[in-house]
Amino acid sequence: MSGSHKYVAATKDDVRSLGGSFMKSPEARQAAADMGMSRFGYYFRGRGGVLGPVSPDVTAAVFGFFPLEFVRRHCRGSAYAPEITARYAESCRAWGRRCLAGFSSAARLAELLEIVADRADVPGIPLFAGWRDVDRPEDAPARVAQLAHVLREHRGGLHLSAVLATGMTPLEATLTRDNGLARAEFLGWERPYPLIDGETRARRAAAEELTDRMAAPAYGELSVDDADELSRLLRAASALAMARHRLAAPRAVDASA
């Protein structure tokens, strides 16, 4: 493993945690309640709102890791409205302000994340392109959280392509992750589930490797020193944020794709 590929592999877990944990936060749950929406209705319409006024079928196609009927059910009665996505973005920022309060390197981390996000290519990853265009807050903790979410969408969109390219279904990819059975149930997949054998797990490993390779060019814009610093700051920020996140949401299940 060499160059930017190494940094993608080293930072992907921190990007996933730092960029996705707000979706399961008290801030997001309160926002959904304030808007009279179910948790998943808020999630699908808030996260997917950057796509514009699309149908639940389009949302399911772009998200990839949820069964179509599950998306349709939770989007029923939750028509597109820009204010939903605006509130969803604010949930992310509020989570960052709480979980990264006092993180002294937040401004520098935001600067490095911005370099990666703004120079990445966008073909085939519309959620990334849409969230990259969302206005960013001025305060560093909130900016870090939002930029981490942008880069999580970058990897997530590429990962969906990698999963399909290696011959897996989204359900198989879900089942081969940690706590795969619980995750599949949480994401709305109904039993019986397919058998996960050695070949399926090998495909999962191949999909992870392919995702790393596809994501690597964006990190190649950084110098070696900056890439090392980004890796170190992401690790520190993620550790701090997740410790605070778990105190507020100890029973949360990771729903990230």
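The values are calculated or read from the model by the stated rules, or taken from the named source; none is laboratory data. Here the structure is a predicted model, which means the values were calculated and not measured. All Cβ positions, glycine included, derive from the backbone under ideal geometry; neighbour counts span all protein chains shown.
Assorted remarks:
- Pairing each residue of region 12-29 that is closer than 17 Å to D212 by Cα with any residue that is of a type in the set (S, T, Y) and assigned to a helix (DSSP H, G or I), provided the two are 6+ apart or on different chains, yields C-beta distances under 6 Å for D14/S238; S17/S238.
- Here E153 clears all of (1) surrounded by fewer than 19 Cβ atoms within 10 Å (Cβ to Cβ); (2) acidic (D, E); (3) in contact (Cβ under 8 Å) with a residue 12 or more places away in the chain except the condition numbered (1).
- Evaluation of D178 against the conditions (1) in a loop (DSSP other than H, G, I, E, B); (2) within 19 Å of the chain's Cα centre (by Cα); (3) at pLDDT 95 or above shows that the sole unmet condition is (3).
- Residue within region 51-65 that is within 19 Å of L18 (Cα to Cα) and of a type in the set (S, T, Y) present: no
- None of E221, E172, E208 is closer than 19 Å to S4 by Cα and buried (at least 16 other Cβ atoms within 10 Å of the Cβ) except E208.
- The one condition in (1) modelled with pLDDT of 95 or more; (2) surrounded by 14 or more Cβ atoms within 10 Å (Cβ to Cβ); (3) in contact with a helix residue (DSSP H, G or I) (Cβ under 8 Å, 6 or more places away or on another chain) that A236 fails to fulfil: (3)
- Every residue from region 41-68 that is farther than 19 Å from V150 by Cβ and touching a residue at least 60 places away in the same chain (Cβ under 8 Å): F66, P67
For every residue, the table says whether it meets (1) over 16 Å from the mean Cα position of the chain (by Cα); (2) outside any loop (DSSP other than H, G, I, E, B); (3) surrounded by fewer than 23 Cβ atoms within 10 Å (Cβ to Cβ); (4) not hydroxyl-bearing (S, T, Y).
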site	(1), (2), (3), (4)
G130	no, yes, yes, yes
V144	no, yes, no, yes
P192	yes, no, yes, yes
A202	yes, yes, yes, yes
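- Listed by position, the helices (runs of 4 or more DSSP H) enclosed by region 1-89 that each have at least 2 residues that are under 20 Å from T174 (Cα atoms) and touching a Lys or Arg at 6+ places or on another chain (Cβ under 6 Å) are 3-20.
- In this entry, R213 passes the filter for residues that are within 19 Å of the chain's Cα centre (by Cα) and surrounded by fewer than 18 Cβ atoms within 10 Å (Cβ to Cβ).
- V116 meets all of the listed conditions (1) in contact with a Lys or Arg (Cβ under 9 Å, 6 or more places away or on another chain); (2) surrounded by 17 or more Cβ atoms within 10 Å (Cβ to Cβ); (3) touching a residue at least 24 places away in the same chain (Cβ under 8 Å); (4) part of a helix (DSSP H, G or I) but one, namely (1).
A quick yes/no check of all residues on (1) among the aliphatic types (A, V, I, L, M); (2) over 27 Å from A165 (Cα atoms); (3) surrounded by fewer than 18 Cβ atoms within 10 Å (Cβ to Cβ):
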position: G20; (1), (2), (3): no, no, no
position: S25; (1), (2), (3): no, yes, no
position: D34; (1), (2), (3): no, yes, yes
position: V50; (1), (2), (3): yes, no, no
position: T59; (1), (2), (3): no, no, no
position: P67; (1), (2), (3): no, no, yes
position: V71; (1), (2), (3): yes, no, no
position: R76; (1), (2), (3): no, yes, yes
position: Y80; (1), (2), (3): no, yes, yes
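Table: residues versus (1) touching a strand residue (DSSP E or B) at 6+ places or on another chain (Cβ under 6 Å); (2) within 21 Å of R93 (Cβ to Cβ); (3) of a type outside the set (D, E).
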residue	(1), (2), (3)
D14	no, yes, no
G19	no, yes, yes
F44	no, yes, yes
G48	no, yes, yes
P53	no, no, yes
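- Region 90-103 - residue that is small (G, A, S) and assigned to a loop (DSSP other than H, G, I, E, B) and, of those, nearest to the chain's Cα centre (by Cα): A101
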